[in-house]
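A quick write-up on the structure given underneath.
The values are calculated or read from the model by the stated rules, or taken from the named source; none is laboratory data. Just so it is clear, the model here is predicted, and its values are computed rather than measured. Positions of Cβ are backbone-derived with ideal geometry, glycine not excepted, and every protein chain shown enters the neighbour counts. Accessible surface areas use protein heavy atoms only, side chains included; no ligands, DNA or RNA. Shrake-Rupley method; radii C 1.70, N 1.55, O 1.52, S 1.80 Å.
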Amino acid sequence: FRGYCSRRLRRLRKTLNFKMGNRHKFTGKKVTEEILSDNRYLLLILMDAERAWSYAMQLKQEANTEPRKRFHLLSRLRKAVKHAEELERLCESNRVDAKTKLEAQAYMAYLTGMLRFEHQEWKAAMEAFNKCKTIYEKLANAFTEEQAVLYNQRVEEISPNIRYCAYNIGDQSAMNELMQMRLRSGGTEGLLAEKLEALITQTRAKQAATMSEVEWRGRTVPVKIDKVRIFLLGLADNEAAIAQAENEETKERLFESLLSECRDAIQAVREELKPDQKQREHSLENDSGKVSNIQYLHSYLTYIKLSTAIKRNESMAKSLQKALLQQQRSEEDGKRSPRPQDLIRLYDIILQNLVELTQLPGLEEDKNFQKEIGLKTLVYKAYRCFFIAQSYVLVKKWSEALVLYERVLKYAREVQSGAGAHRNSLKELPDVQDLITQVNAEKYSLQAAAILDANDPHETESPSQVKDGKPLSERFETFCLDPSLVSKQVSLVHFPPGFQPIPCKPLFFDLALNHVAFPPLEDKVEQKAKSGLTGYIKGIFGFKS
């Protein structure tokens, strides 16, 4: 964007013939009210301010690794504010309409607020942002809906900065508003992003200073690790944010964030466990199997991680189930439709997590805990069997699907009979009664489909669906529904072609040649002259033969 502003400035100066000297000498010029015959003169100053602001935002990203660039960042922001002041002064001319004047004032207030924000002058920054917000709200009410959308968008961008300034001034209620804004937007972006994350961590760190212990399943454990304290304090807020998430994408992002924080806390506890290994083994012997406090805290954090992973997979399973109900619509849109096999994989992971929960140190003798995990395992096994049966129905394996439906009913009845005092812990799980009702309906439809499939004559007698193995070139006169014609293994002709008999080339034998007597030809053949030394001498002396 900074490069675009520079190129735009060069084009404007060339078009307006507003050059700053020549290649040998620089001659500064200022835009005054007398030359405001063209609105492009205002664009010159606006592009100067935008170029300085964009350079400041570039330096802000680079300052994360090179802190010295922060001084340059503040310098460019001051330069942007200076250009904005010049723009506001020029817009006070009678040649400028009221709308442009208000927009120039709002722009000036916004850049001033950003400069004060970077200087951490919270009160001055909040006053500037409030002025900018008020102007944009009035402009949104004064114009059409299409233009009001742009102004309202600017108001939404400024509101988090105002809340942040209010919190730093002393308004504690602004923190909750910032959290709600981050939740609704799916993550804060821009100038406020890093500051908000640091603010959340700082707030939790202050609260963690007063937290010394945590209670879980009747046992109180001291918490001495700061990272674990911060995580446990933010756990309730993260769970509430997940429950209030408006869409699946935001919920998935929050789940991943919570799991990442939990893994970091577990790693911090593991580092404390290593030097305390011998002491922990000694305490196990003296306490008759009772695990140490640090080990029990590790089990608690592992329980949180596995429970969160189960909730995430269950949320993904619910969204896939909804997609299965809308499978026909998805196929029309050209998207990949979900399959029951996708849900089976999710429930396999959930069951594996439940197995790991039963093996946590310190909970082996907790019968209530083991009973709860056993009931949850039965619930998820029932749903897993249900979707395995659904996958068998798709391939018309009726008997296997019917047996699996009976297994689903067996698991569901075991859950209902064994729930008893554990109904409160099963409230968050899917309702098995709904599953029983659905399975009974599926059984009847499955039996009907099996009967129709056994008595369907079209599957065996229809000549239009029988494949005879002939290629397309040999059955042009016969109509046949052959799905292979649109596949990659289409059979058009026999290739390579088969051998065919052809007549051999005749052979001729001359049998009469041996019985033919040819006439003598000696008299017609000239005798060859004698050669050698004798013939040479005779030739010299004139002797003729």
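Numbers below:
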item	result
Projected label distance in nm at residue 94 and residue 518, using a 7 Å step from Cα toward the beta-carbon	13.4
23 Å Cα-Cα threshold exceeded, pairs from 274/371; 224/274; 29/60	274/371; 29/60
Relative packing of 402-409, 315-322, 515-522, which averages over residues the other C-beta atoms within 10 Å, highest first	402-409, 315-322, 515-522
Net charge, residue 43 excluded, C-beta distance under 14 Å - Lys, Arg +1, Asp, Glu -1	+3
Förster radius 56 Å - calculated FRET efficiency between residue 1 and residue 348 (Cβ-Cβ, nearest 0.05)	0.70
Sites residue 19 and residue 63 - FRET efficiency at Förster radius 35 Å, r taken between beta-carbons, to 0.05	0.50
Net charge contributed by nearby residues that have their C-beta within less than 9 Å of residue 106 (K/R +1, D/E -1)	+2
For residue 216, distant residues with modelled amide H under 5 Å away	221
Too-long pairs where the Cα-Cα distance tops 21 Å, listed order kept, from 381/410; 251/322; 25/79; 397/443; 311/397	25/79; 311/397
Rounded accessible area per residue of the stretch 374-453, 1.4 Å, Å²	54
Accessible surface of residue 385 - all protein chains present, 1.4 Å probe, nearest 10 Å²	10
Residue-count net charge about residue 54 - beta-carbon cut-off 12 Å; Lys, Arg +1, Asp, Glu -1	+4
